[in-house]
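Below you'll find the structure, written out as structure tokens, and then a few comments.
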Amino acid sequence: MKRLNKYWPVLLIATLFSCAKGLEEINVNPNQSEKVNPQFLLSTVLIASAYDYQKDAYYDKPASAGRYITLVRNEGNDKFDWGPQNWDGLFSKLSTIKNMMDLAVESEEQQYVALGKILKAFNFAYLSDLYGDVPYSKALLSKDEGILHPSYDQQKDIYPSLLNELKEANTMLAGELEAIDDKADAMYGGNVMAWRKFANSLRLRMLLRISKAYPQAFTEMQEILNNKTQYPIFESNADNAEIKYLGDIGANTWPGAPLANAFSEFDKRKPSKEIVDALLQRNDPRLEVWIAPVDEPAGGTVDHNLYVGVPNAVPAPYDYNGGTPHISRLSAMFNSNLHPMVKASMLTYAEVCFILAEALQAGKITVAGETAESMYYKGIRANMRYYGVEEDADDEGYFDQPLVKYNGTLEQLIGQKWIAGFLKGAEAWFDYRRTGFPKFVLGPLAPGGIPKRYIYPETERSYNEDQYQKALTVFGEDKQTTLMWYLK
């Protein structure tokens, strides 16, 4: 690994840089703070965390693994021959979070320490979800602290540590702290209760993810659910952890939009046959919100529907069904610089509903006044309400259809969770790895199947070889098919 301290923000380094003797007084501006305020770093790392996670879901490998997108040009991601994957962006955000927390401790602004714990947990959990065992306890220490080659921590140790960070953050925010700067908080505008709900809802996601390998997972979930005053969780779409796009410059724009990329990039990404067919089979009103009809309904060679998705990992996907006029694009809102229904999403109320539905269905938890069935329907309705089609679904008898009416199977539940998670993060891929659902159709050009993980970066073999090799003696082979701890 390249030295992780290289990611420390230039602004902070400049602030702490020692001036040459005799120049200190000359370079002091009496009207300007000599320290970076933690809320400035909060704004930076919060937006980067949401935007980068969302970009992966639309633009990168999780979009192919989650079967929402089919690439019709430059189809490498769909074939799953991914090779080593760089993690510098994630460690850059984590280093900024550490800096923010250190500054907050110095300035006695504990509210930013608490938010740092939440964002640290979100980003480190995502890192570990992608790779498995990763540098953690020593990853963000600098060479001045004697760490040039950080060791890897096992996932079985990382996850409990992060869960504790979230629990501590909730406790801190429940206390008497200074206000969060609303201008620095692009997600919740300084709303402490919203942050507490995010921390505890994120704990639920993480606990379900590791429940197969972590015996106390459901006990800890039940602790949260038994006391919603102490551990508030998401209760509506208004609680969603998501950030709007400003649409002013490319960096602040939905990754499929003209400002972010040329139109050709949008046109290279088609809705997958998996998602389009699932929506068609259920007469789902979200279809018309997410997917555009084909330009020429007549003339399709294999599919004559008004909405046609493209199979993943097939030869010449751009020629499927007779070519571009006969296959669907994503709807126009996904080619907009900003849109009220297209946001950088980290966690939604709908997902929390499905998490609780799954745990209830397995008989592992109880929720006052709720059943697996009620939470299943709440998850679907929350997502439909978000996109403005709940009333249409009721009018058209959506919930009475055999494919939709609750039947108590994990396949049905995860299938609806997958639909509701359309282009909202890597969760569809992670759920597929964990449950085997939905039963995706593997294309002929992806014989190895959907990967279980990312391969470690090439730089680990160049800059952190000893620690990398030590890690493999515990973790196993550095392959896409190697199972991480919570999947075994």
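The values are calculated or read from the model by the stated rules, or taken from the named source; none is laboratory data. Because the structure is predicted, anything quoted here is derived from the model rather than measured. A quick note on method: Cβ atoms are made from the backbone with ideal geometry, for glycine too, and the neighbour counts reach across all protein chains shown. In case anyone asks, the SASA skips ligands and DNA or RNA and just uses the protein heavy atoms, side chains included. Shrake-Rupley method; radii C 1.70, N 1.55, O 1.52, S 1.80 Å.
Here are the numbers for the structure shown:
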{"quantity": "Subset of the range 424-452 [farther than 19 Å from residue 313 by Cβ and either at pLDDT 95 or above or open to solvent by 30 Å² or more (accessible area, probe 1.4 Å) (or both)]", "calculated": "427, 430, 431, 434, 435, 437"}
{"quantity": "The one condition in (1) modelled with pLDDT of 95 or more; (2) part of a helix (DSSP H, G or I) that residue 70 fails to fulfil", "calculated": "(2)"}
{"quantity": "Residue 84 open to solvent by less than 20 Å² (accessible area, probe 1.4 Å) and over 17 Å from the mean Cα position of the chain (by Cα)", "calculated": "no"}
{"quantity": "Test result for residue 260, farther than 30 Å from residue 175 by Cα and touching a Ser or Thr at 6+ places or on another chain (Cβ under 6 Å)", "calculated": "yes"}
{"quantity": "Residues of the range 249-259 that turn out to be free of Cβ contacts under 8 Å to residues at least 40 places away in the same chain and under 19 Å from residue 72 (Cβ atoms), as a count", "calculated": "0"}
{"quantity": "Residue match in the range 329-347 (condition: of a type in the set (Phe, Trp, Tyr), open to solvent by 40 Å² or more (accessible area, probe 1.4 Å) and touching a strand residue (DSSP E or B) at 6+ places or on another chain (Cβ under 9 Å))", "calculated": "no"}
{"quantity": "Residue, least open to solvent (accessible area, probe 1.4 Å), within the range 169-191, restricted to residues that are closer than 13 Å to residue 119 by Cβ and of a type outside the set (A, V, I, L, M, F, W, C)", "calculated": "185"}
{"quantity": "Identity of the residue in the range 453-488, assigned to a loop (DSSP other than H, G, I, E, B) and without any contact (Cβ under 8 Å) to a residue 60 or more places away in the chain, that ends up surrounded by the most Cβ atoms within 10 Å (Cβ to Cβ)", "calculated": "478"}
{"quantity": "Positions within the range 288-313 being buried (at least 20 other Cβ atoms within 10 Å of the Cβ), outside any helix (DSSP H, G or I), within 28 Å of the chain's Cα centre (by Cα) and hydrophobic (A, V, I, L, M, F, W, C), in sequence order", "calculated": "291, 308, 310, 313"}
{"quantity": "Filtered residues of the range 387-413 (kept if open to solvent by 40 Å² or more (accessible area, probe 1.4 Å) and under 15 Å from residue 289 (Cβ atoms))", "calculated": "388, 391, 392, 396"}
{"quantity": "Residues satisfying the stated conditions in the range 228-265, i.e. open to solvent by 60 Å² or more (accessible area, probe 1.4 Å) and over 30 Å from residue 318 (Cβ atoms)", "calculated": "228, 229, 230, 235, 238, 244, 246, 248, 249"}
{"quantity": "Residue that is among the hydrophobic types (A, V, I, L, M, F, W, C) and either part of a helix (DSSP H, G or I) or closer than 26 Å to residue 450 by Cβ (or both), where the choices are 141, 162, 148", "calculated": "162"}
